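All remarks here apply to the structure that follows.
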Amino acid sequence: MTQIIYTDRSRTITYQRCRRMRWLEYHEGEDGKGLVPAKKSLHLVVGGAVHQGMEVLLRDGQAALDMLAGDDLAAKLDNLFVELRGGTQTVARGIEDRAVAAALAHLTAEMGEAGVELDAEEAAAQARQQVDMSGLAGSTISEVVSQDSPIVIDFSDLAPPTDNSFVVSTPESVEPGFFAKEYAAQPPRQSDSDYLREELAALTEGMVRAWARRRWRPLLEQFEVLEVEREGEWKVAEWSDGNESWNGAANDWNNDATSYELHFLSRHDALLRERATDYLYLQSYKTTGSWDRRKELDAQVDVQGLSEAVDVERRLGEAWELLQKTSMDDFDADSTRLRVLLDNERIQHWLSTLPAPPTILGVRYEYLLKGSRKQDKKAGSVTEGRWVQDSILCRAYKQEGITADDRRWAWTWEWYENDGRGGRKSRKLPWQSWQKAPVWHYMSMAEWIDRLDRFEIQEGAEGEMGEPLDALAQQFVPVLIAYRNQDDARDWLEQLEAQEVGVARAVEEVRQAEREGGYGAKRSALNRLFPQNRQACSYPGVCQFRATSSQAGFCFGGPDPLHDAMVMERFRSRVPNHPAEGLVQITTEVENAH
């Protein structure tokens, strides 16, 4: 028998951060697949939704180009994008709308499943607000939190819309003139859950549409999209437990050994071929609240490009070898395998023209800025006292007028403009009459992005050096390319094999200890083989398994967490991120593994 053991990039990184976290997240639980919080992080939910939108834009954008006749790329792109800024429905706008629908449907499903979990500081602030509203002024924050732990926004009553849409509050959804007459003077106070639901939807839609307006066409112009969200799997190592004995009567070996295979699972956002050079790049999208030098340095040594490149180079290398003797049109074993390795005939045609198997030159990192979450302390604002997403994609400066038609908007507090005499002068918004407000309360997000795209908001605004200010372009960090080399890849592969084979053996030792000695023996084995790294408990974020004033945990002390009802109310079994892990049994024959 052969036992298939899976690993991936997240697991290897988690082990290096804290070995105990690795055990809890990927090996704990009744099914041995690990435990995760029942409610996902707000940031993970938004990031996953935006990724869904990016997937549609890349896949459908390339498909639309493939359907257009001719070899003139510029003309084909014009057919997709021309008149987009004029508001005319184009092919590109239709794809953009589908991308937004996919992103918001994913957001709805993730929220409706179990809700979202707030950061510790925001959760504590909401607990403080509950203290004020409930009259428990004499109780401490930690006491109140423990009465209602964890502090979360629950979306369990929301079901994904059947038409893949996500309806947020707009002026059209209420009595005409309501916002113009009454909203600014006496804004209705929404519940925290209702407001957060709308805000995350607006932010997600804004990010997808902003990328489509500033980054989509340049990417299609420079690159051909070969693959999108392609699952990968490759064997890292194999070994045996060595339980063999000599059977003298039969003059043969008794082979009771269990064989093991360690498989690495990956999934790249996209595989791109640069049109001018034929070089291959992996595309990686990341959402972040802010950007700094540390993130740039981290990207240069990120293992993502290494792990995904191994899968792509091995798979395309095998496909290239097969193309030397067959094609997808044949009906033999080689052509069948070829169809498994390649997504489409376009890749087959390109591979067949190469003199040697292709390699990955580097990874293109695109960081989408979603802004930070902070408390609005502006007196008299619509969201006074509430934690909000500080992004111009969903919140902007507003100045009320006598009517709705007189309302003015701005996206930056200070800017420069031409003074009419050949010089330039700095400008700032008057703080007395301008304050930030949720844009989606006054117009649809599509209209807001359209207006920013057409430079209708603060028209003529310039930077300090005289450059035109582009609100949408500022929501993205310049593309960062991390180049890789073979020595780096070889080093990582050797480290990966040594680490993950060791982890697999340690996991089996812990389980054997539990079978023989119960929870006490298991806990002792964990202390030896999966020790806690206490330097990782609170940085770069509070560990999900650590008990805090606002959440139950079980990493330190206490009884068996699997029999602690309070703890297990907050956690659930991990759902595999890669389909292969969920489809293949843990123990199986090698020939039946795929």
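Solvent-accessible surface of the range 436-508, averaged per residue with a 1.4 angstrom probe and all protein chains in place: 47 square angstrom. Once backbone amide H atoms are built at 1.01 Å from N, residue 477 has 367, 369 as its partners under 5 Å, excluding neighbours fewer than 5 places away on the same chain.
Coupling constants for the range 535-547 follow from the phi torsions by the Karplus curve (6.51 cos²θ - 1.76 cosθ + 1.60, θ = phi - 60°), and in residue order they are 6, 9, 6, 10, 9, x, x, 5, 4, 5, 9, 8, 6 Hz; glycine and proline get x. Placing dummy labels 7 Å off each Cα toward the beta-carbon, the span from residue 324 to residue 479 is 3.2 nm. Sequence-ordered 3J(HN,Hα) estimates for the range 507-516 from the Karplus curve with 6.51, -1.76 and 1.60 and θ = phi - 60° stand at 4, 5, 5, 5, 5, 5, 4, 5, 4, 8 Hz, glycine and proline given as x. The figure for residue 279 is an accessible area of roughly 110 square angstrom, using a 1.4 Å probe on the protein chains alone.
Lysines near residue 286 by alpha-carbon distance under 27 Å, same-chain residues fewer than 8 away left out - which ones? Result set, ordered by chain and number: 33, 39, 40, 295, 370, 374, 436.
Given their separation in residues at 0.36 nm each and the Cα-Cα distance between them, residue 68 and residue 534 gain 162.0 nm when the chain is fully extended. When each of the peptides 193-204, 223-234, 461-472, 290-301 is scored by how many other beta carbons lie within 10 Å of its residues on average, the order from highest to lowest is 193-204, 223-234, 461-472, 290-301.
3J(HN,Hα) along the range 36-49: 9, x, 5, 10, 6, 4, 3, 5, 5, 5, 5, x, x, 5 Hz, from the Karplus curve 6.51 cos²θ - 1.76 cosθ + 1.60 with θ = phi - 60°, whole Hz, x for Gly and Pro.
The values are calculated or read from the model by the stated rules, or taken from the named source; none is laboratory data. In this text the structure is predicted, and so the values were computed from the model without any measurement. Cβ coordinates were reconstructed from backbone atoms using ideal geometry, including for glycine residues, and neighbour counts include every protein chain displayed. Note: areas computed on protein heavy atoms with side chains; ligands, DNA, RNA excluded. Shrake-Rupley method; radii C 1.70, N 1.55, O 1.52, S 1.80 Å.
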